[in-house]
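What follows is one structure encoded as structure tokens, with my remarks underneath.
What follows draws every value from the coordinates through simple rules; no lab data is involved. Values in this document were obtained by computation on a predicted structure and should not be read as measured data. Counting neighbours? That spans all protein chains shown, and the Cβs are built from the backbone with ideal geometry, glycine included.
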Amino acid sequence: MKINNVILQTVAKIVAFIILTLAVYLFLSGHNSPGGGFIGGLVLASALVLLFVVYDIEKVKNAIPVDFKKLAAFGAFLSVGTGFGSLLFGAPFLSQSFAYFDLPFFGKTELTTVTIFEAGVALVVVGVVVTIILSISEDV
Amino acid sequence: METLITILAGVLVTVATYLILSKSLIRVILGTAILSHAAHLLIMSMGSGLKNGSVPILDEGIGPPVDALPQALILTSIVISFAVTALSLVLAYRTYQETGTDKLDELRGIKHE
Amino acid sequence: MSTLNIAIIFPFIAAIVIPFLYNKIRKLHIGWFAMLVSFVLFIYFARYVPRIANGETFANTINWIPSYGINFTAYLDGLSLILALLITGVGTLVILYSIFYLSSKESLGRFYTYLLFFMGAMLGVVLSDNIMVLYVFWELTSISSFLLIAFWYQRKRSRDGAKKSLLITVSGGFGMLIGFIMLYIMTGTWSIREIISMAGSFTDHALFIPAMLLLLLGAFTKSAQFPFHIWLPDAMEAPTPVSAYLHSATMVKAGIYLVARFTPIFGGESIWFWLVTGVGLLTLFWGSFSAVRQTDLKAMLAYSTVSQLGMIMSMFGIGSAALHFGNSTVSVVYTQATFAALFHLVNHSTFKGALFMVVGIVDHEVGTRDLRRLGGLVTLMPITFTIAMIGSFSMAGLPPFNGFLSKEMFFTAVLTIGEAGIFSLDTWGTLLPVIAWVASIFTFVYSMIIVFQTFFGPYKEERLEHPAHEPPVGMLIAPGILALLVIGIFFFPNVLGDYILTPAMMGIFPSLPAADLSVPISAWHGFRSMELWMTIGVIIFGFALYKTRKKWAFVYKLFPEKWSFNSFYSYSLEKLEEHSTTITNSYMTGYLRDYMVYIYLFFIVAIGGTIIYTGVYAFDISGNSSVSEFEWILVLVMIIAGISVLFAKSRLTAILLNSILGYGVATFFVIFRAPDLALTQIIVETVTTVLFLVAYYFLPEWKKEDVPRKSRNVNLIISISVGIVFTVIALTVQSGKLFESISGYFENSYELAGGKNIVNSILGDFRAFDTMLEVVVLLIAGIGVYSIIKLKAKKEDESVEDQ
């Protein structure tokens, strides 16, 4: 279905970017303040859903040529994979570790393996939510 | 507060049960969605004291946090119940497409007598 | 890790590899690979023969569940070695034969996977020292045999035969499992060797007799003893190589192995003696008697296998009497029966294997194995005929074939046991030789039928599917080797006796001196010997009965089909299915509401009942935190919204009311200091609402409920009761804290996990396993949604039920 709503489209363009930025922020800040993989992923997904609602599906698909099913599968692989990663260091399955580094620009920064795990979670959430919405709405 | 929330959850459970027992598939799905709301409220009220502390984020200048465990459980549950709802909705939709009905009594698989 | 354990696992690994190889290599028949596996194992076991003959035994343990004493212990002694050699040796020949028997159009990958799976399971049975592990392998043989019998699963008869054998052998196996557990209770060990070393010390235990009976149940069902023999003829629906392998040489011998293995423990008891001997003799008689009336060659062989198994079984029973006398010279006489049993065990595998293969050849070449259509094949298939003759005459107990030797020893055994003077043998002892002799006559009769009906008489080509001719040479190699063994063993029986059978005797009678256990086998006992006259009598009467068999065939009509165990089996199975269908249908209505009603009623009665019965309900609102006005309003709004869902006129209203509930919950999360939850809930609620709207766009209009008033009232009562029970439990739990909250631990998240957000630390670190699985669940749901929508069955893809 074609929707021709200029105002909505213009607004959505800007809003989508704000939401996407928020999503990234929420994802990265999850360790120490509200946020995290789930929320980040959901917000990201909702930004995409907004785009799908405003523009038609084909257009968005051309703009973002990502197979969301594969994205979800990759995310699950990443989360499960980090679990096995800890086995390589002799730690029990899914042990996470963290350390503090002095990076040039960021100052004292905490780097954790949880972030990789959470990234997997976020990707699954994005992939699955978008897949669900897309498959239902495409099937007319 | 806990008692109040529990009673609210109880009311929601009653509503959900009634919806689940109904004949129409859509009502059943709506019922499960409401049931998960009730469950979340219940888990929340089971922690060691509602509003009994600050947000569960460790930062200077904030008092002792509230019970974080129920929150973690609920966070998991929210996402799962979303997945369940989505799946059952799609099931209902496809069932309707294939059979032309969403009445559960017409959807019996086995033929009787 | 010892090579013995590897030898057991090796076929399993090969079985896993086969499907992949089969897909890669199409040119070469995959059977060659399976044969190589089997042959390597045969050589491996054959290399043990000299050392085992010296009286050595080998054992190795791999820990499995050490805390329960259940370990994967492989133990090789003389008895295990015989079976292991049979399994791998006959296995090699059968696979060789099957390469030519099965056309490459069959799903060979599947066939050889099952076959090697079976071989591994069988090796596991005979090599396990731990009875729990033995049981596991025992059931694996049942399962793999099931798969092999149902190899041609398109045929209903194959499926039925497979089902029958599985039902009978597995239920026997369950009995055996209970028997094993009883043994464990009595002795405190799972190891057969340790149980044997304690033999005799627990005969007074109350569980001794039940354990023995249950163990025998397992052995009898597996070895197709009367009245459990009915599965074996039906199992002949399997491809002939399978019948030759499983149902003549190996699997049915598992029960016999079990009896032999447990003889040191239970032997010497009169119940054991009478059950094993009696059931064995009865099976011997009934099997040979029934075999004569069969018109299908393979069915005839099946009954003859039943009968021969009975014979071996009875000899083990007679031999067990030796243990009654303890360690004395008297007992040595009776061990000869056991020796004969082992001897016949080997002989039977050779001649019966050859005969099955011959029947397979006949079936393969002329397209039928119906005796009424066969005849006159001797000139057309001379080699096949020779092999068939050697096999049949050996089975009939004629010289110069190995069956003669073991048949004579069998007669010796039944004759001497009558003089033992124990187990009230004085009264019943004379019956044993008579039954044995009569059964042998029938054995003679059907052996003659196999040879003469098939190969002599008029050749009726018009009644055959294909004109008869010799099969490809490859098909003749395997039965030929077996036939050579049949003759070879006759002329050099003592080679087999010294190297294979005597060491096995040491395994069965560990308490007796090894030197006394060796029995020289001789073909000639002199004219005075009773055995010789019995054999001559068998030949004379057998020949007379064979000639006149049309005249006395009426005796088979004396047993109406209705009274057979077969019809009893079918009747009970049918009734069982019928009744369980009726019962199941009465409550499995296929209507979701009914199921939910059961669940809720159970919940109300069980949980609510418990609360009332124990009187635990208690309300304590003193620990509650305060409620502000705003919260009161929110609660009220949510209650109203919740109840209004029930009265919503349109689906849009219902969805929006549900959203109100969701956002209300989110608001509560804010109040309850749960920012993560609030964020998630708001977004999920939004997405869910979108989903509902999209889905409802396609779904039918929300109609007013058209449920009868009565069931609506029932629903209402149930819902309210569920709500009340729920609330009461929740309030009770809140008021009485039985133990301290564990949440304090997680509040150290900054030190333990480097995260200041406790909730996320729990999710990503402390309980990352939950989160990982949750992600997987989410992915599965996504795939589910996608496939439900995208994959649609085509209309013409109706499932086709076969014959």
How shielded is B:24-33 by partner chains, expressed as the average number of their Cβ atoms within 10 Å of its Cβ atoms?
6
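Fully extended, how many nm does the chain gain between C:F769 and C:L716 (0.36 nm per residue separation, minus their Cα-Cα distance)?
Once the chain is fully extended between C:F769 and C:L716, it gains 15.1 nm.
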Between C:T589 and C:S572, what is the spin-label point distance in nm, taking each point 7 Å from the Cα along the Cα→C-beta axis?
3.5
In peptide C:618-624, what is the residue-averaged number of other protein chain Cβ atoms found within 10 Å of each Cβ?
3
Cα long-axis angle, helix C:297-320 against chain C (0 to 90 degrees, to the nearest 10):
80
In the structure shown, of C:K24/C:K790; C:K164/C:K575; C:K105/C:K460, the pairs separated by more than 22 angstrom at the C-alpha atoms are C:K24/C:K790; C:K105/C:K460
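Can you give the helix-only mean residue ellipticity at 222 nm for chain B, where every DSSP H stretch with n ≥ 4 adds -39500 (n - 2.57) and the sum goes over all residues, rounded to the nearest 500 deg cm²/dmol? Numbers along the way, then the final one.
Values: 3 runs with 71 residues, N = 113.
So the helix-based figure for chain B works out to -22000 deg cm²/dmol.
For chain C, what's the relative contact order in percent, using C-alpha pairs closer than 8 Å and at least 6 residues apart?
10
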Net charge within 14 Å of A:F93 by Cβ-Cβ distance, Lys/Arg positive one each and Asp/Glu negative one each, not counting A:F93 itself?
-1
Okay, helix-only estimate at 222 nm for chain C: each DSSP H run of n ≥ 4 adds -39500 (n - 2.57), divide by all residues, round to 500 deg cm²/dmol; what do you get?
-22500 deg cm²/dmol
DSSP loop GluC sites (Glu not before Pro) in the range C:727-764 with at most 15 other Cβ atoms within 10 Å of their Cβ, which ones?
C:E740
Given C:K253/C:K551; C:K298/C:K550; B:K23/C:K649, the pairs whose alpha carbons are separated by over 25 Å:
C:K253/C:K551
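Taking the Cβ of each residue in C:H29, C:H247, C:H205, A:H31 as the centre, tally the other Cβ atoms inside 10 Å and list the residues starting with the fewest.
Details: C:H29 18, C:H247 29, C:H205 15, A:H31 24.
Sorted ascending by nearby Cβ count, the order is C:H205, C:H29, A:H31, C:H247.
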For C:I65, enumerate residues with amide H under 5 Å from its amide H, sequence gap 5+ or separate chain, H modeled in the peptide plane.
C:I70, C:N71, C:F72
Please list log₁₀ I(q)/I(0) at q = 0.17 Å⁻¹ for the range C:282-547, using the Debye equation with identical point scatterers on the alpha-carbon positions.
-1.26
Provide the gained length on full extension for the span C:K105 to C:D204, in nm with one decimal, where the gain is 0.36 nm per separating residue minus the Cα-Cα distance.
29.7 nm
Could you run the Karplus curve 6.51 cos²θ - 1.76 cosθ + 1.60 with θ = phi - 60° over the range B:79-85 and give me ³J(HN,Hα) per residue in whole Hz, x for Gly and Pro?
5, 5, 5, 4, 4, 5, 4
What order do you get for C:W552, C:W274 when you list them from fewest to most C-beta neighbours inside 10 Å?
C:W552, C:W274
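Arrange C:W152, C:W286 by Cβ neighbour counts within 10 Å, fewest through most, would you? All intermediate terms of the calculation are to be shown ahead of the outcome.
Working: C:W152 14, C:W286 21.
Fewest to most other Cβ atoms nearby, the residues stand as C:W152, C:W286.
What's the ranking of C:457-464, C:37-44 by average number of surrounding C-beta atoms within 10 Å, highest first? Write down the numbers at each step before the final one.
Details: C:457-464: 12.2, C:37-44: 19.6.
The peptides rank, most packed first, as C:37-44, C:457-464.
Compute the whole-percent fraction of alpha carbon pairs in chain A spaced more than 27 Å apart.
Working: 3141 of 9730 pairs.
More than 27 Å apart: 32 percent of the Cα pairs in chain A.
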Can you work out ³J(HN,Hα) from phi for every residue in the range C:472-483, in order, using Karplus 6.51 cos²θ - 1.76 cosθ + 1.60 and θ = phi - 60°, giving whole Hz and x for Gly and Pro?
x, 4, x, 6, 8, 4, 4, x, x, 4, 5, 5
Which residue, chosen from C:I383, C:P503, C:L716, occupies the Cα position most advanced towards the positive end of the dipole of chain C, where the dipole is computed from +1 (Lys, Arg) and -1 (Asp, Glu) charges on Cβ about the Cα centre?
C:I383
Residue by residue through the range C:276-287, what is 3J(HN,Hα) from phi via Karplus (6.51 cos²θ - 1.76 cosθ + 1.60, θ = phi - 60°)? Round to whole Hz and write x for glycine and proline.
5, 5, x, 4, x, 5, 4, 5, 4, 5, 5, x
For the modelled label position 7 Å from the Cα of C:L28 along Cα-to-Cβ, which residues of the range C:53-94 have backbone nitrogen atoms closer than 20 Å?
C:92-94
I want to check the label-to-label distance for C:T581 and C:E419. Put each point 7 Å from Cα in the C-beta direction and report it in nm to one decimal.
6.1
I'd like the mean, over residues of C:245-252, of how many other protein chain beta carbons sit within 10 Å of each residue's own Cβ.
0
On Cα atoms only, tilt of C:31-46 relative to the major axis of chain C in degrees
70
Under a cut-off of 25 Å between alpha-carbon atoms, report the lysines in cross-link reach of C:K792, not counting same-chain residues fewer than 8 places apart.
A:K61, A:K69, A:K70, B:K103, B:K111
